[in-house]
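Inspection log for the structure reproduced underneath, given as structure tokens.
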Amino acid sequence: MHVPDGFFDAPTSAATAVVAASAIGTSLYLARRRELDDRTAPLAGLVAAFVFATQMLNFPVAGGTSGHLMGGALAAVLVGPATAILCLSVVFLVQALLFADGGITALGTNILLMGVVTVLVGYGVFRVLQAVLPKRASLVPLLAGLGALVSVPAAALVFVGLFEVGGTVDVPLGTLASAMLGVHVLIGIGEAVITAAAVAAILKVRPDLVHGARRLPTATPLVVRTSPVATPAAPAAPTGGEA
Amino acid sequence: MGAGHGHRLHFHGHSALHRAAAHHKVLALLGFMLVVVATPRGWWWAYLAEGVLLGGVVLASRVPLGFLARRMVVETPVLVFAALLPLIAHGERVDVLGLSLSRSGLEGAALLLVKATFGVVAGLTLAATTEPQALLAGLARLRLPHQLVQIAAFMVRYLDVVTDEMRRMRVAREARGFTARDPRHWGVLARSVGALFIRSYERGERVHLAMLARGYDGRIPLDLDRPQAPAVAPRGHGHAHGHAHEHAAAPVPALLTAPAEHA
């Protein structure tokens with residue numbers, strides 16, 4: 001759910017906006033330098049449209065309820081953390097201004113919670129695991145899933161922390177934390193399974209597009225195979241091509 | 001669905017609010033909501049004044065109230081959360097219909113509802129009276145980083161193309177007799193997500209190459225003096241310079257309103 005207007009008090013909203021803005025500024029610099037160079041705008045724009053579309057895709061859970069992907073960890077593993085933060089920030093900006101989804105004063109909070117935190121935590125877990133585990137491309141989907149699994153409850157915890165500091169209602173911290181964590185661990189499991197399966201599907205088709213698998217050997221070497229049947233001794237007399 | 005028909009939330013009209021500059025409207029929305037969020041609890045007359053002001057703006061926009069009301073479903077999760085607050089909040093308890101509720105929770109929930117509703121109504125009014133491309137030009141005018149505006153411009157431009165691609169994939173799945181009903185079907189949906197990513201990314205690569213061929217150098221000149229630029233760049237003299245020059249010089253609004261190329 002997007003944080004609406006009036007959920008956090010004005011100082012908290014302003015502070016999160018400043019943090020989100022500095023994260024976006026850093027990402028703009030890094031995305032241009034390290035990830036996408038002059039392709040940043042068109043590619044990040046298309047990836048943002050992709051994230052928006054996947055957030056519309058509903059995954060059935062049980063008893064008629066369904067959830068959708070948040071996509072922070074998925075985007076980070078696919079296009080790199082800086083580009084992912086840019087894409088998710090633009091998604092929240094467009095959702096707030098063109099869809100009235102998430103309050104405009106809570107835009108910084110939404111970007112910080114569901115963009116910056118999910119991307120940084122998801123990608124951080126992914127990279128740490130990648131550093132300690134054997135470097136194999138077949139592990140990338142699993143690690144991406146684990147990153148997604150941790151990223152969702154982490155965002156929920158940051159939300160609880162913010163609510164303690166700048167929430168507008170006095171709710172016992174323990175109750176809120178356990179309720180949010182319980183729900184978001186479940187959501188995280190769904191996010192993890194779908195992220196892992198999606199990354200696996202992309203790795204099979206275009207391994208070069210998965211940023212998290214860049215430095216790993218993904219392609220099997222090309223083997224030229226010949227068979228005696230397919231190599232006739234001498235070509236027959238030309239019979240006129242088309243005929 | 002094609003480009004150039006405005007947005008799903010956009011309501012075509014000619015009111016003063018429709019004509020107002022987008023950057024003024026965004027600033028007004030931000031300022032109004034900051035005041036609403038900062039209004040202390042208990043200042044009921046202030047909330048009343050804010051509500052009257054907002055109602056006046058909505059009426060002045062001449063957007064039908066039913067149009068706005070149907071789009072207020074985005075507020076549903078907030079309603080659920082607000083309903084839970086009186087049950088879990090601290091403080092003095094009051095009995096309402098046999099339920100022991102927290103007084104501060106009740107007040108907090110009421111305030112949250114008022115503020116969130118103001119936010120949704122004000123946001124919907126902005127979306128209903130502002131064309132997406134005018135909004136982007138307004139954001140550029142508000143000194144949002146050029147790269148961010150460009151990313152948003154490409155996202156808005158290809159949003160319908162990408163969501164339509166996803167819809168076609170769903171139709172294709174259903175044509176083969178598949179409907180996702182429980183978590184065992186997640187694998188299929190996840191593979192669709194993967195395919196959608198590859199298609200989106202490859203489309204981005206083709207768009208980038210097509211733009212390079214037309215002289216793109218990483219910047220799109222923003223013609224802020226003509227936010228209502230014509231969808232088709234005027235030919236005439238420009239014709240002699242060829243297509244590449246025209247596209248390179250096209251302002252963002254023209255880029256946005258031109259029919260989406262199925263690159």
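Which of the numbered conditions does A:Leu142 fail, given that it passes all the others? Conditions: (1) at the interface with chain B (Cβ under 10 Å from one of its Cβ atoms); (2) within 17 Å of the chain's Cα centre (by Cα).
Status for A:Leu142: all satisfied but (1).
Go through the residues of the range A:18-32 one by one and say whether even a single one is in contact with a Leu (Cβ under 8 Å, 6 or more places away or on another chain), more than 7 Å from chain B (Cβ to nearest Cβ) and outside any helix (DSSP H, G or I).
Within the range A:18-32, none of the residues are in contact with a Leu (Cβ under 8 Å, 6 or more places away or on another chain), more than 7 Å from chain B (Cβ to nearest Cβ) and outside any helix (DSSP H, G or I).
Based on what the data block shows, is A:Phe59 assigned to a strand (DSSP E or B) and closer than 29 Å to A:Val185 by Cα?
yes
Being over 26 Å from A:Ala23 (Cα atoms) and at the interface with another protein chain (Cβ under 9 Å from one of its Cβ atoms) is the filter here, so list the residues in the range B:129-151 that pass it.
If the condition is that a residue be over 26 Å from A:Ala23 (Cα atoms) and at the interface with another protein chain (Cβ under 9 Å from one of its Cβ atoms), then B:Thr130 is the only one that fits.
Could you list all residues from the range B:170-211 that are touching a residue at least 24 places away in the same chain (Cβ under 8 Å), surrounded by fewer than 19 Cβ atoms within 10 Å (Cβ to Cβ) and among the hydrophobic types (A, V, I, L, M, F, W, C)?
B:Ala195, B:Ala210
If I ask for residues that are within 12 Å of another protein chain (Cβ to nearest Cβ) and modelled with pLDDT of 85 or more, which ones from the range A:171-185 would you list?
Across the range A:171-185, the qualifying residues are A:Ala177, A:Ser178.
Looking only at the range A:150-170, count every residue that is in contact with an Asp or Glu (Cβ under 9 Å, 6 or more places away or on another chain) and within 14 Å of chain B (Cβ to nearest Cβ) and tell me the total.
4
When you check A:Ser151 against the structure, is it within 21 Å of B:Phe197 (Cβ to Cβ) and either free of Cβ contacts under 8 Å to residues at least 12 places away in the same chain or touching a strand residue (DSSP E or B) at 6+ places or on another chain (Cβ under 8 Å) (or both), yes or no?
Here the answer is no, as A:Ser151 does not meet what is asked.
Kindly indicate whether A:Ala201 is at pLDDT 85 or above and either in a loop (DSSP other than H, G, I, E, B) or of a type outside the set (D, E, K, R) (or both).
Taking the combined requirement at face value, the residue satisfies it.
Looking at B:Leu113, B:Leu85, B:Leu30, can you tell me which residue is crowded, with 18+ Cβ neighbours inside 10 Å, free of Cβ contacts under 8 Å to residues at least 40 places away in the same chain, at the interface with another protein chain (Cβ under 8 Å from one of its Cβ atoms) and out of contact with any His (no Cβ under 9 Å at 6 or more places or on another chain)?
Details: B:Leu113 fails: at the interface with another protein chain (Cβ under 8 Å from one of its Cβ atoms); B:Leu30 fails: crowded, with 18+ Cβ neighbours inside 10 Å.
The conditions single out B:Leu85.
Residues checked against (1) polar (S, T, N, Q); (2) over 26 Å from the mean Cα position of the chain (by Cα); (3) within 30 Å of A:Ala41 (Cβ to Cβ):
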| residue | (1), (2), (3) |
| --- | --- |
| B:Glu174 | no, yes, no |
| B:Ala180 | no, yes, no |
| B:Arg191 | no, yes, yes |
| B:Ile198 | no, no, yes |
| B:Tyr201 | no, no, yes |
| B:Arg206 | no, no, yes |
| B:Leu212 | no, yes, yes |
| B:Asp217 | no, yes, yes |
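The values are calculated or read from the model by the stated rules, or taken from the named source; none is laboratory data. The structure displayed is predicted, hence computed values, not measured ones. Positions of Cβ are backbone-derived with ideal geometry, glycine not excepted, and every protein chain shown enters the neighbour counts.
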